[in-house]
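For reference, the structure is listed below as structure tokens.
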2 protein chains.
Amino acid sequence: MALKDILAERPAVRTGIAATVASLKEAFGERVVTGEDVRRAHAHTTTYLPNQAPDAVVFATTEAEVQKVVRICAANATPIIPFGTGSSLEGHVNAPQGGVSLDLSRMDRVLAVHAEDLDCVIEPGVTREGLNAHLRDTGLFFPIDPGANASLGGMAATRASGTNAVRYGTMRDNVVSLNAVMADGRIIRTARRAKKTSAGYDMTRLLVGSEGTLGVITQLTLKLYGIPEDVLAGVCPFPTVRDAVNTVIQTVQTGIPVARIELLDAQSMEAAIAYAKLDLKPQPSLFVEFHGSPASVAEQAETFSMIAADHGGGALEASNRPEERSRLWKARHDMYWASMLLRPGSRAIATDVCVPVSRLADCIGDTQADIEASGLIGPIIGHVGDGNFHVTLLLDMEDGREIDAAEAFMARLAARAVEMDGTCTGEHGIGQGKRGYLRAELGETVDFMKMIKAALDPKDIMNPGKIFML
Amino acid sequence: MALKDILAERPAVRTGIAATVASLKEAFGERVVTGEDVRRAHAHTTTYLPNQAPDAVVFATTEAEVQKVVRICAANATPIIPFGTGSSLEGHVNAPQGGVSLDLSRMDRVLAVHAEDLDCVIEPGVTREGLNAHLRDTGLFFPIDPGANASLGGMAATRASGTNAVRYGTMRDNVVSLNAVMADGRIIRTARRAKKTSAGYDMTRLLVGSEGTLGVITQLTLKLYGIPEDVLAGVCPFPTVRDAVNTVIQTVQTGIPVARIELLDAQSMEAAIAYAKLDLKPQPSLFVEFHGSPASVAEQAETFSMIAADHGGGALEASNRPEERSRLWKARHDMYWASMLLRPGSRAIATDVCVPVSRLADCIGDTQADIEASGLIGPIIGHVGDGNFHVTLLLDMEDGREIDAAEAFMARLAARAVEMDGTCTGEHGIGQGKRGYLRAELGETVDFMKMIKAALDPKDIMNPGKIFML
């Protein structure tokens, strides 16, 4: 969605906001903040999308307080924008119609760890790093890793995933149950703690990925996994992106339970090598990781190496030493910073799409050609086991024509992915930035989403203007 | 829900049914059947729930025909009950308010197999055995196996699972996308073919498990898996159910990717031994299966055996010979017939619940005591890796007091599972039979389900009276 369209958006008439802020101050005192710095820090800051600040920020510490905030806002038809860490990429935390940012970061308690059931119950402000730190002595971990140290409530709300999704799934697969405060102030628990159920509509999955537009998530029951006995990570270079992708296809088909399989194109490798001082060649490469027993990990790596060799891949440089593994994945996770070396002084803007893996090489190839023809710089990295890849555009934010070119490129990228039976967003969500692409992807399905939204939130107070305009 | 309550249910006034049947006959000719035998065969036949026949059965062969049926029914507010093979267990295919059974069994084409993407596109009448027969030469398979040779449309509609779910997930996890004809006659496709997406509400998961109450599924894109290189299956006896369950807990915690792990209690073993002429002891036993490379399978079996021995388990009698494996799983799948040997002339009625696995031994123990105290015969089998188990009650259908006792027992079983933070149904669905338990499990969440149903199907024509009464 073009910047100018977002800025030109006509807000609904929200006359009750002043009354809401007054009531919130009465109820929450100093935990209601209206200073500009705090308000701006609670709106979008991570891309070129505009920063649309809320009228106030309220810091909640319990589910009952969230319910109180929602009831006060509902009484005045005031928008509520849930906020975790603000690391989302498509404008999810903006307040285009004004309203109240509901900061959940102080709801950061791990309420229970059920080791026998491989699950835990947490508040939504717990971050993924915070959860894994808490789990340190249990032998368990939570695998989903979108890069940023996001809050798990936010990750659920945007259906986040990341490097481990090829083996462990996305937030869709790893939320057992959740509590949410709905638009009318009622608190629901969407499921009990059984690992599977066929009791009625899957309200858990409806809330996961709803981007705060149906309710505020106040508690999550998440799946946990045993820390693998052995972990082997490595890098394998390829002559071309297509060779690397064909290796991925065959690896997955062969049933190797690869834990991570990440593509860096030549330009990304160039940046990573320079930034992380890696002794590697700037060729398209796969970063891989295998989990299991020592014997299983060795067998997985061997089979992978044979497949890679069949597709012109070089030797797999691999290690199971934690410090080597950390160095490798730090280099991958630092790609945002590394990319900026390709154009000092620029701003890095990440966008993502996801296609069937059979179309991935085509989609990346066409996209690389498009980047070049557009005069842009955009290294590509991908969670290729899932067919998901990111373009990190390096932009001069002062150059309006370049922003226009970037927007036009992103629209073509989304259309290209959809044309290949893929999605305009594999893991970033729709928010404001991709609202314009949703109907091209899903057609009249969007109308049924809106019917659900209108039924559950008739005053459109739950994060309005995200995913779609009601 | 008690039999008498279902029979006493006051149907909504559905005055347009005769007009609907006349219009359908005009449109579909001889593919509209109103003979009693066919109508009765299209209503519930698998348990003691009453057979509530529709007014007519129409056999559709294309999505466009389904749309036509829905439009004709919608014009007269006539109920539409989708029908696959009729193997559901909770009255899903009954027509308590009359209406039209929409038989989809002739929509049985496999439309595409995308081997590189590990998915296929099928019509809803394809059965799981039909799909796997079609896939025979591809090296791929579809793992979900609820026992019956159900249609995949029905399996999606009821969120079915079965013995393989511990490794491969349920229908929730294995439907990539689906087409549905909604109550207003519009056709939607809920997602594209990308393996993951964060584009808007998860309409796929909303339709999966909705039991035909939101729309008629007309196409499915399903995940496929490579047939494992090696498969090892075996049986391991235990002194007690608790020892077996503790073995399951530790097996899953250890990260052994067990493909099946099924519990048979002593009574079930007694029946299985007699029916399938197995050379085993009538002790609580785990039937297990491991998938992977020969080395991985051997390692999994070895680790499992060590865990089992720690809990008093006997030797794992295992084989990777297809005929031996088939014999073993046939014995497991034939439990329905085998159970009847425990009481010749009786009718076998299966019910299921699912609890966190840490509570499974308690739940089964309490349930066994309850069965005995109730004077019932009910062997127990379970997909115990998921905490899911079945009680097969062997009833004299002529004895009203026994039916009453069985109903009271099933209500206590559902309440017991919910009290242990589980669900009243792990994989059979709610239908009519478990409607009375849903609110105890999910509280006001049910109200939000109803709001969605009312928004998407305001005339309540889509399989009315299932999951809840609107």
Given Cα positions, please report Rg to Rh for the stretch A:228-428, the hydrodynamic radius being the Kirkwood one.
0.98
Which whole-number percent gives the relative contact order of chain A, counting Cα pairs below 8 Å spaced six or more residues apart?
16 percent
With a sphere of radius 10 Å drawn around the Cβ of B:E65, what net charge do the other residues whose Cβ falls strictly inside it have (Lys, Arg +1; Asp, Glu -1)?
+2
Ascending list, in nanometres, of distances separating the A:N51 label from those of the other copies (7 Å, Cα toward Cβ):
7.1
Any idea what the relative contact order of the stretch A:93-252 is, in percent, if you count C-alpha pairs under 8 Å spaced at least 6 apart?
23 percent
Lys, Arg +1 and Asp, Glu -1 on Cβ, resulting dipole of chain A about Cα centre, debye, nearest 20
1320 debye
Setting aside same-chain residues fewer than 8 positions from B:K330, which lysines have a Cα under 20 Å from its Cα?
B:K277, B:K281
Rounded to the nearest 0.05, what FRET efficiency do A:A408 and A:A454 give with R0 = 35 Å and r taken as the Cβ-Cβ distance? Could you check?
0.60
If I take R0 = 60 Å and measure r between the Cβ atoms of B:D334 and A:D334 in this structure, what FRET efficiency does the formula 1/(1 + (r/R0)^6) give, to the nearest 0.05?
0.55
Can you tell me the FRET efficiency between A:R106 and B:E302 if r is taken as the Cβ-Cβ distance and R0 is 60 Å, rounded to the nearest 0.05?
0.80
Dipole of chain A (Lys/Arg Cβ +1, Asp/Glu Cβ -1, origin at the Cα centre): which of A:M155, A:Q67, A:L278 lies farthest to the positive side?
A:Q67
Which distances, in nm and shortest first, link the B:M469 label point to the same label point in every other copy, taking 7 Å along Cα→Cβ?
4.4
Distances from A:E444 to the same position in the other copies: list them in nm, one decimal, shortest first, using label points 7 Å from Cα along Cα→Cβ.
3.5
What 222 nm value per residue comes from the helices of chain A, counting each DSSP H run with n ≥ 4 as -39,500 (n - 2.57) and dividing by all residues, nearest 500 deg cm²/dmol?
-10500 deg cm²/dmol
In sequence order, calculated HN-Hα J values of the stretch A:224-232 (Karplus, 6.51, -1.76, 1.60; Hz; x Gly/Pro)
10, 9, x, 4, x, 4, 9, 9, 10
What number results when the radius of gyration of the stretch B:145-195, computed over Cα atoms, is divided by 2.2 N^0.38 Å?
1.29
Put a dot 7 Å past each Cα toward the Cβ at A:D310 and B:D279; how far apart are the dots in nm?
4.1 nm
Roughly what % antiparallel, to the nearest 5, for the DSSP beta bridges in the protein assembly as shown?
85 percent
Stokes-Einstein D in µm²/s, Kirkwood radius over Cα pairs - the stretch A:266-330 at 4 °C with 1.567 mPa s viscosity
100 µm²/s
Here the stretch B:127-172 gives, from Cα atoms, an Rg and Dmax in Å of 10.2, 29
If you find the alpha carbon centre of the stretch A:162-189 and of the stretch B:243-267, how far apart are they in angstrom?
27 Å
In degrees between 0 and 90, to the nearest 10, how far off the longest principal axis of chain B does helix B:241-253 point, with axes built from Cα atoms?
80 degrees
Using +1 at the Cβ of each Lys and Arg and -1 at the Cβ of each Asp and Glu in the stretch A:3-105, identify which of A:A19, A:T85, A:A53 lies farthest towards the dipole's positive end.
A:A19
Computed for the stretch B:110-226: size of charge dipole around the Cα centre, +1 on C-beta of each Lys and Arg, -1 on C-beta of each Asp and Glu, debye to nearest 20, value 300 debye
Computed over the protein assembly as shown, the convex hull of the Cα set has an average projected area, in nm², of 36.8 nm²
In the stretch A:267-376, the trypsin sites (Lys or Arg not before Pro) that fall in loop regions by DSSP, at most 16 other Cβ within 10 Å:
A:K277
Rounded to a whole number, what is D in µm²/s for the stretch A:110-226 from Stokes-Einstein with the Kirkwood radius over alpha-carbon pairs (25 °C, 0.890 mPa s)?
174 µm²/s
Ellipsoid equivalent to chain B - semi-axes via the Cα gyration tensor, in Å
37, 27, 20
Of the GluC sites (Glu not before Pro) in the stretch B:344-402, those whose Cβ has at most 12 other Cβ within 10 Å and which sit in DSSP loop
B:E398
Could you tell me the convex hull volume per residue, in Å³, taken over the Cα atoms of the stretch A:328-470?
136 Å³
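Rule-based calculations on the coordinates, nothing more; no lab input. The shown structure was predicted, so the numbers you read here are calculated from the model rather than taken from an experiment. Cβ coordinates were reconstructed from backbone atoms using ideal geometry, including for glycine residues, and neighbour counts include every protein chain displayed.
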